[in-house]
1. Using 7 Å Cα-to-Cβ label points, what is the residue 25/residue 89 separation (nm, one decimal)?
2. Using all Cα-Cα distances in the stretch 1-134, what percent lands in each 10 angstrom bin from 0 up to the longest?
3. Which value in nm describes the separation of the simple spin-label points at residue 34 and residue 133, placed 7 Å from the Cα toward the beta carbon?
4. At a 10 angstrom cut-off on C-beta neighbours, averaged per residue, how do the peptides 73-79, 35-41 rank from highest to lowest?
5. Hey, what did the stretch 126-210 get for relative contact order, percent, Cα under 8 Å, at least 6 apart?
6. Which distance in nm do the two modelled labels at residue 113 and residue 147 give, with both placed 7 Å along the Cα-to-Cβ direction?
7. Taking the radius of gyration and the Kirkwood hydrodynamic radius from Cα positions alone, what is the Rg/Rh ratio for the stretch 62-130, to two decimal places?
Ligand code: SF4
């Protein structure tokens with residue numbers, strides 16, 4: 001069998017497996033959300049607000065969740081009517097409104113963040129080196145989806161100006177110049193609060209080194 005045909009088959013099987021995972025995730029997310037009296041989208045917004053810690057504007061929420069402005073606005077209004085979020089004037093712009101969690105919303109967000117536990121359990125059965133290879137592969141896939149404009153950009157090390165890939169000896173090859181931190185493959189961050197986007201040339205250089 002030629003390498004091209006084998007590659008196509010592997011590509012198809014990986015894609016098929018990912019679709020099966022997405023089916024499981026959708027079904028688990030709905031099961032959890034129905035039990036909590038929410039939709040998966042509302043749960044996702046609660047978790048996002050909890051992770052970001054700071055109030056977020058509707059536009060930011062829409063961008064981060066890849067939802068339309070109308071869907072985001074509807075979901076936030078429902079959460080507001082349930083007393084889980086509240087809208088306040090943004091600190092940096094008195095004319096804009098920012099959304100933040102209420103105390104009850106924070107409790108719901110903590111619960112909502114637990115629905116993917118079934119997946120963590122399955123991933124936890126993999127060996128350490130399998131998890132590291134899996135995470136590295138997923139990060140590369142996420143980055144490629146960003147390049148294709150299929151998902152919103154993440155605040156991740158791979159596109160950060162402070163990231164120095166493959167700088168050290170094998171165990172912790174990567175380095176964060178800002179936090180002065182050496183990182184193993186599994187410590188590379190997908191969402192970092194002190195992220196600063198690198199310019200296009202630096203991102204290209206980082207990617208070339210990391211993707212090797
Ligand atoms: S600042 Fe955050 S995103 Fe940037 S390299 Fe350091 S850990 Fe990674």
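1. 4.0 nm
2. Result, from short to long distances: 11, 32, 27, 18, 9, 3, 0 percent.
3. In this crude label model, residue 34 to residue 133 measures out at 3.8 nm.
4. Working: 73-79: 18.3, 35-41: 15.6.
Going by the mean number of other Cβ atoms within 10 Å, highest first, we get 73-79, 35-41.
5. Values: 105 pairs, mean separation 26.6, N = 85.
Here the relative contact order equals 31 percent.
6. Taking the two extended label points, one gets 3.2 nm.
7. Working: Rg = 16.8 Å, Rh = 14.6 Å.
Looking at the stretch 62-130, the ratio lands at 1.15.
Where a number appears in this text, it was derived from the coordinates with a stated rule and is not lab data. As the structure is a computational prediction, the values presented were derived from the model and not from experiment. With ideal geometry, Cβ positions are generated from the backbone for all residues, glycine too; neighbour counts draw on all protein chains shown.
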